[in-house]
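First comes the structure, then the notes that go with it.
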Ligand code: GLU
């Protein structure tokens, strides 16, 4: 099968120094593989989207010469496909309705001695696995363990990080596919769209690596192929956290295309100079296999790295 890659930004703001690295890496990986490169606007969480951010992102990519091979898809138009996938999972016994409020989840966990959520997300205690307990259905959850002693540890390979594993049930619990407010969860939307677009290679920021085991579980439950994964280095903000809008990330001024490409490229280990943006891109495509080889060699060395979440 030929290579098909994608860049899938959420239009919550213009591209900043961090998101540009993911965009450039996915473009380079596709071009170096003589593959196709798609852009998908992940506007599934309407309330978080910023009007005009999608147009701004597409304009920034155009400025930098990162041009998709097809018109971008928009997740806001894809509700029917997500509903069909949820129905398929329901019929196969992989999902169940949940009537818990956030408060009820926090109380159930506190009763078990868990007092802190990680990244603002609780590991769902499984309250509604055996029924709604008289509550109305609010959300739909994926059942991470269907047999009593099933090992829910998932092993996967990342082209930069190497061997990874996560016990999905213990680390994240039965995760939401359709939220109480009726919105589709990122996990379901991304898996359905990656499959329908025939994506063979997901290249995205390392902050998303932790989502991969959930997505692979969903792919398997839906009978979909699993793409290869490559999670790229993050740009850190002064506060030591991943650069994001919340800690002051600025939109990249892509009118200086060469400057923007060189800055994003440096994060990926590309330090060449060029007279024009087009020359820089061509040189970057030819150097990309060397970058990939250095990541593969580094990750093959013994290490303790994993995406295991510690509760
Ligand atoms: N829409 C996600 C984000 O902007 C990225 C999803 C993905 O690449 O899988 O964080």
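List of remarks:
- Selection count, the range 1-13, where residues are in a strand (DSSP E or B) and more than 9 Å from the ligand (Cβ to nearest atom): 2
- Hits in the range 23-66 - residues which are assigned to a helix (DSSP H, G or I) and closer than 21 Å to residue 2 by Cα: 23, 24, 25, 26, 27, 28, 29, 30, 31, 32
- Among the candidates 303, 286, 299, residue that is surrounded by fewer than 18 Cβ atoms within 10 Å (Cβ to Cβ) and at pLDDT 95 or above: 286
- Some residue of the range 22-44 being at pLDDT 95 or above and closer than 27 Å to residue 143 by Cβ: yes
- Residue 292 part of a helix (DSSP H, G or I) and touching a strand residue (DSSP E or B) at 6+ places or on another chain (Cβ under 9 Å): yes
- Within the range 14-47, being more than 9 Å from the ligand (Cβ to nearest atom), buried (at least 20 other Cβ atoms within 10 Å of the Cβ) and under 21 Å from residue 247 (Cα atoms) holds for 14, 15, 18, 20, 21, 23.
- Test result for residue 185, over 27 Å from residue 32 (Cα atoms) and either surrounded by fewer than 20 Cβ atoms within 10 Å (Cβ to Cβ) or within 15 Å of the ligand (Cβ to nearest atom) (or both): yes
Every residue, every condition in (1) modelled with pLDDT under 90; (2) in contact with a strand residue (DSSP E or B) (Cβ under 6 Å, 6 or more places away or on another chain); (3) under 29 Å from residue 17 (Cα atoms), yes or no:
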| position | (1), (2), (3) |
| --- | --- |
| 81 | no, no, no |
| 92 | no, no, no |
| 95 | no, yes, no |
| 102 | yes, no, no |
| 120 | yes, no, yes |
| 158 | no, yes, yes |
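- Residue match in the range 231-251 (condition: within 13 Å of the ligand (Cβ to nearest atom) and within 12 Å of the chain's Cα centre (by Cα)): yes
- Once the range 242-267 is narrowed to residues that are over 27 Å from residue 292 (Cβ atoms) and touching a residue at least 12 places away in the same chain (Cβ under 8 Å), the residue that is surrounded by the most Cβ atoms within 10 Å (Cβ to Cβ) is 251.
- Matching residues in the range 67-82 - criterion: being within 20 Å of the chain's Cα centre (by Cα), in a helix (DSSP H, G or I) and free of Cβ contacts under 8 Å to residues at least 60 places away in the same chain: 76, 77
- Unmet requirement for residue 239, which otherwise passes all of (1) in contact with a helix residue (DSSP H, G or I) (Cβ under 6 Å, 6 or more places away or on another chain); (2) in contact (Cβ under 8 Å) with a residue 12 or more places away in the chain: (2)
Matching residues to (1) within 26 Å of residue 231 (Cα to Cα); (2) buried (at least 18 other Cβ atoms within 10 Å of the Cβ):
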position	(1), (2)
113	no, no
144	yes, yes
150	no, no
157	yes, no
173	yes, yes
192	yes, yes
200	yes, yes
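- The set of residues in the range 196-230 that are in contact with a helix residue (DSSP H, G or I) (Cβ under 6 Å, 6 or more places away or on another chain), more than 12 Å from the ligand (Cβ to nearest atom) and under 13 Å from residue 157 (Cα atoms) comprises 213, 226.
The values are calculated or read from the model by the stated rules, or taken from the named source; none is laboratory data. Please read these numbers as outputs of a predicted model, since none were measured by experiment. Here the Cβ is made from the backbone with ideal geometry for all residues, glycine too, and neighbour counts use every protein chain on show.
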